[in-house]
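My structure is below; once you've seen it, I'll send some questions.
Values quoted throughout were computed directly from the atomic coordinates according to the rules given, and no laboratory measurement underlies them. Computed from a predicted structure; not experimentally measured. For neighbour counting, all protein chains shown are included, and Cβ atoms are generated from backbone atoms with ideal geometry for every residue, glycine included.
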DNA sequence: CCATCATATTCCGATAACGGTATGCGTCAA
DNA sequence: TTGACGCATACCGTTATCGGAATATGATGG
């Protein structure tokens, strides 16, 4: 039984990129593959910290690893970002229209006075 | 003194859309404003559940409220999605290129044998 | 003012996410 | 084999998140 509490969380790309540091990792990897230590150093995080974030990114398929001797080179696999881009693209027409709607909203606000 | 544990989390759009139910809410709101109860019902969640997700969405500016008599109509404000769309757009050129790189990766995999 | 409907908030328990430190494991060189 | 290096994992503490139920707040109608 036990309450379900907190449904599915990590383990999808949406969640993976919700973490600022993971976004930084992805951004850096656009410049090319890198070993863990380099990433950690460039982003100012501990090595275990980097490894853990990389694990998440690997599990959702946003990065891949390649053993290179003693090192493990992490590389970007951006394909997993595409579904997200498309999902958000479905709102593209709205983030202009939103301005218009906002007018009505603001007008209404003046009377209602429940703004935030 | 006191471990930092879990840095910034919620309170930005990336995190807001990391939640599946919140994505559903946003998707639904494209069809127009809705009172809380309607959302809860259409998405099969409890009223407090809906209210809580709406609160998060409101705090990051992805929805706005409008008092309509006894009800509160929630409407989409998609502008906050634009930065995300742009951030991901910065990877667009890579999710094709990734295929190519994948070849080298797979080849390497055959020798290294550390594939997951 | 009171009852009622719509919504927000609070309290709770369970969980998992993050950061840090310590440690384990694999690989390479000697 | 041993030691050093690179990286992954385990463990710990802290905090935040999510879901659920109960309750508080707000607005409307009578």
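Nearest-to-axis residue of chain A, judged by Cβ, for the A-to-B rotation, with distance in whole Å?
A:18, 2
Moving on. What does the average come to when, for each residue of peptide A:21-33, you count the partner chain Cβ atoms lying within 10 Å of its Cβ?
2
Let me know the mean shielding of A:71-84 by other chains, meaning the per-residue number of their Cβ atoms within 10 Å of its Cβ.
If you average over the peptide's residues, the count of other-chain Cβ atoms is 5.
At R0 = 35 Å, how high is the FRET efficiency between residue A:24 and residue B:42 if r is their beta carbon distance? Nearest 0.05 is fine.
0.40
Using only Cα positions of the range B:13-112, each an equal point scatterer, no hydration layer, compute I(q)/I(0) via Debye at q = 0.10, 0.18 Å⁻¹ and quote the log10 values to two decimals.
Calculated log10 I(q)/I(0) at the listed q: -0.41, -0.80.
Another question, then. Using a simple spin-label model with points 7 Å from Cα along the Cα→Cβ vector, what separation in nm is obtained for residue A:93 and residue B:59?
Calculated label separation equals 3.3 nm.
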